[in-house]
Number of protein chains: 2
Amino acid sequence: MSNPTTIPASDGVPFVDTVRDFDAPISAVFKAHVDPDLLAKWLGPRSTSMNITQYNAVTGGSWRYENGDVTNPFSFRGVFHTVEADALIIMTSEFDGAPNQVVISTTTFEEVDGRTRMQAHEVYPSVEARDMALATGMNYGVIEGYERLDELLAA
Amino acid sequence: MSNPTTIPASDGVPFVDTVRDFDAPISAVFKAHVDPDLLAKWLGPRSTSMNITQYNAVTGGSWRYENGDVTNPFSFRGVFHTVEADALIIMTSEFDGAPNQVVISTTTFEEVDGRTRMQAHEVYPSVEARDMALATGMNYGVIEGYERLDELLAA
C-alpha cells in the first residue's frame, strides 16, 4: 500500500509544499529522480508517456522533456541550480503552456524511521500562476506518479 | 541626474519588484547585464570590488562572483534559466550567507518613451528569507549600482 501524499497550498502565498514517504533507501529514491531512464518510468500520470530529450542532473545542468499523449504533448524544461547526492535538488521548471512563468523547487531527501521522506517546496512567480497550475489537476499527476515510483522501488 | 529606482516589497508575499529607467538604448542596458567585463564595472555599491569567476549569460549557463571588500567578500552563484537578447533574463541566485535560499528573478527590458525600462521581479523561497535579505541593506547596493550603470552608459 502506498504512503499518503500531502500537498498543502496556503492562500495568499505562491507556494506548493509536498511531503511524501517512500519505503526504500534514500539512495534509491534519489537515483529515481536524477537518472533519466528511471525517471521516465514513473514521472507523471499512468496515461501519459515521457520523452526525455535532456536530463543532466548535476549542479548547472539542464533538462527538457515532453509528457503527455501523442495528440497532446506538454513540454517542460529547466536548469539545476543545486544537486547534492542523496540530499538535495534545487531546480527550475517551465511548462510551455505558461511561458516565462518559471517555478523553482527545493526537494530534500532524509531518513525518517527507516523510510525516506521527500519534501518539495515549490515557489511560483505569483499566487495566480500557482493557482492556475493547481487548477490543471497537477496534483493528480503528482500523486499517481508517486504511486508508480512506489512500484518501481519495490520491483 | 539619475532616474529614480523604485523597489516595492509588499507584506505577506516573498517578492521584491524593482523598476528603473535608463537613458540609453535597450541593447546597451542589456549588454551591461550579460557581458561580465561591463557587469564588473557597475554591479554593487561603489565601496566594493567584484571578482567574477564565471558568467556565461546564455540559457542554461552558470555564473559565480565575489562582491565585497578584501576582508569581507560575499559569494554569489546561480544559473540562467532563460536569456533572450535585449528582452529577458530569468536566473537563479544564491548568497553564500544564506545557503540553499535560492532567489529566482525575471528581468525584462523594454523601450518606453525613448528610454529603456528595466523591471525585475525577484521571488524568494519564503517571506522570511525576503525580509532578511532586505534587512541587509541590499536596496542601497542596488540603487548605487544603477547610478554606476548610468555613468557607464553615459561614458
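The values are calculated or read from the model by the stated rules, or taken from the named source; none is laboratory data. This structure is a prediction, so every number in the text was calculated from the model and none was measured. Note that each Cβ is placed from the backbone with ideal geometry, even for glycine, and that neighbours are counted across all protein chains shown. The protein model used for the area step is the full one, side chains on, heavy atoms only, and it has no ligands, DNA or RNA in it. Shrake-Rupley method; radii C 1.70, N 1.55, O 1.52, S 1.80 Å.
Right, B:GLY78: open to solvent by less than 30 Å² (accessible area, probe 1.4 Å), without any contact (Cβ under 8 Å) to a residue 40 or more places away in the chain, within 13 Å of chain A (Cβ to nearest Cβ) and in a strand (DSSP E or B) or not? Outline the logic, then answer.
On the way: open to solvent by less than 30 Å² (accessible area, probe 1.4 Å): yes; without any contact (Cβ under 8 Å) to a residue 40 or more places away in the chain: yes; within 13 Å of chain A (Cβ to nearest Cβ): yes; in a strand (DSSP E or B): yes.
So B:GLY78 fits the description; yes.
So which of A:THR71, A:THR92 ends up being in contact with a strand residue (DSSP E or B) (Cβ under 7 Å, 6 or more places away or on another chain) and of a type in the set (Ser, Thr, Tyr)? Steps first, answer last, please.
Details: A:THR71 fails: in contact with a strand residue (DSSP E or B) (Cβ under 7 Å, 6 or more places away or on another chain).
Just a single option satisfies the conditions, and that option is A:THR92.
Does B:ALA135 meet the test of being more than 10 Å from chain A (Cβ to nearest Cβ) and surrounded by 15 or more Cβ atoms within 10 Å (Cβ to Cβ)?
Numbers: more than 10 Å from chain A (Cβ to nearest Cβ): yes; surrounded by 15 or more Cβ atoms within 10 Å (Cβ to Cβ): no.
For B:ALA135, the condition - more than 10 Å from chain A (Cβ to nearest Cβ) and surrounded by 15 or more Cβ atoms within 10 Å (Cβ to Cβ) - is not met.
Could you check region A:1-26 and list, in sequence order, the residues that are under 30 Å from B:ARG130 (Cα atoms), outside any loop (DSSP other than H, G, I, E, B) and open to solvent by less than 40 Å² (accessible area, probe 1.4 Å)? Step through it out loud before you land on a result.
Here is the first cut: in region A:1-26, the residues under 30 Å from B:ARG130 (Cα atoms) are A:5-21.
Remaining after also requiring outside any loop (DSSP other than H, G, I, E, B): A:5-6, A:15-21.
Residues satisfying the conditions are A:THR5, A:PHE15, A:VAL16, A:THR18, A:ARG20, A:ASP21.
Please work out which residue is farthest from the other protein chains (Cβ to nearest Cβ), limiting yourself to region B:81-122 and to residues that are outside any strand (DSSP E or B) and among the polar types (S, T, N, Q). Step through it out loud before you land on a result.
So in region B:81-122, the residues outside any strand (DSSP E or B) come out as B:85-87, B:96-102, B:113-114.
When the remaining residues are screened for being among the polar types (S, T, N, Q), the result is B:100-101.
Values: B:ASN100: 7, B:GLN101: 9 Å.
Per the stated criteria, the residue is B:GLN101.
Which of the residues that make up region B:122-154 are of a type in the set (Phe, Trp, Tyr) and closer than 22 Å to A:VAL16 by Cα?
B:TYR124
Filter region A:79-111 down to residues that are in contact with a Ser or Thr (Cβ under 6 Å, 6 or more places away or on another chain) and of a type in the set (Asp, Glu), then give me how many there are.
2
Somewhere in region A:138-151, is a residue in contact with a helix residue (DSSP H, G or I) (Cβ under 9 Å, 6 or more places away or on another chain) and of a type in the set (Lys, Arg)? It would help to see each step written out before you state the result.
Step one: list which residues in region A:138-151 are in contact with a helix residue (DSSP H, G or I) (Cβ under 9 Å, 6 or more places away or on another chain), which gives A:145-151.
In the following step, the residues that additionally are of a type in the set (Lys, Arg) were identified as A:148.
Yes, some residue in region A:138-151 is in contact with a helix residue (DSSP H, G or I) (Cβ under 9 Å, 6 or more places away or on another chain) and of a type in the set (Lys, Arg).
In region B:94-118, what residues are surrounded by 15 or more Cβ atoms within 10 Å (Cβ to Cβ), in contact (Cβ under 8 Å) with a residue 24 or more places away in the chain and not β-branched (Val, Ile, Thr)? Please lay out each step first, then the result.
Step one: list which residues in region B:94-118 are surrounded by 15 or more Cβ atoms within 10 Å (Cβ to Cβ), which gives B:94-95, B:98, B:101-109, B:115-118.
Next, only the ones that are in contact (Cβ under 8 Å) with a residue 24 or more places away in the chain stay: B:95, B:98, B:101-103, B:107, B:109, B:115-118.
The answer is B:PHE95, B:ALA98, B:GLN101, B:PHE109, B:ARG115, B:ARG117, B:MET118.
Six or more apart or on different chains, Cβ under 9 Å: which pairs go from a residue in region B:27-43 that's touching a residue at least 12 places away in the same chain (Cβ under 8 Å) and open to solvent by less than 20 Å² (accessible area, probe 1.4 Å) to one that's assigned to a helix (DSSP H, G or I) and hydroxyl-bearing (Ser, Thr, Tyr)? Could you list them?
Listed pairs, sorted by first residue: B:TRP42/B:TYR146.
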